[in-house]
1. Can you put Y41, Y70 in order of accessible area, largest first, using a 1.4 Å probe?
2. Take T103 and D64, extend 7 Å from each Cα along the Cα→Cβ direction, and tell me the distance between the two endpoints in nm.
3. Just to confirm, what accessible area per residue do you get for region 1-129 at 1.4 Å probe, in whole Å²?
4. If you place +1 on the Cβ of every Lys and Arg, -1 on the Cβ of every Asp and Glu, and leave all else neutral, what size is the dipole of region 1-73 about its Cα centre, to the nearest 20 Debye?
Amino acid sequence: ITKLNITGNVIPNAWWTRITMQNGKPDCNAVVLLSEIVYWYRAKIVRDEASGCTISSEKRFKSDKLQRSYQSLADQFGFTKRQVQEAMYRLRDAGLITLELRTVNIGTGMPVSNVLFIEPNPEKIEQITYVTDAVNTNGNGDSCGSASGELSLYNVRPSHVSTCTPITPERET
């Protein structure tokens, strides 16, 4: 497995608990779409074939912002166009991306209106990716969670666990 050169979208685990629907469940469509947007904005590394040294980094697309249609994203991930639109609106409303409709001229000089351009908000994405609100600092910049100085995740209730009383195994039938 280590020898496989796997490329493509990477989804940070924190997104599954930070990008959620109103009912608290993960917004799977929005997470997948955000990972695709972030992929396109990550620089493409150009390396020298002989030495393997990095020569430069390049943008993955031509324009100043990523140009993708709702339908192309729907086709890529097996969503409906409406599912993509609604997930993109939720990402926009959360401040994670901006959506801009532009009129562009295609190669024949014919103007095409309502072309979607997408841009991520790096600061907001960093906030949901690197969860720091569960860690306190002691003034020296060192993190301290429990009395032993280590952060324990065993005493943190996951967001998907309900707080109601569980059913006991001792019951009469």
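1. So, going from the largest accessible area down, we get Y41, Y70.
2. 1.8 nm
3. With the other protein chains kept in place, region 1-129 gives 67 Å² per residue.
4. 80 debye
The values are calculated or read from the model by the stated rules, or taken from the named source; none is laboratory data. What you see is a predicted model, and the numbers here were worked out from it, not measured in a lab. Ideal geometry is used to build each Cβ from the backbone, glycine not excepted, and the neighbour counts take in all protein chains shown. Calculation scope for accessible area: heavy atoms of the full protein, side chains included, ligands and nucleic acids excluded. Shrake-Rupley method; radii C 1.70, N 1.55, O 1.52, S 1.80 Å.
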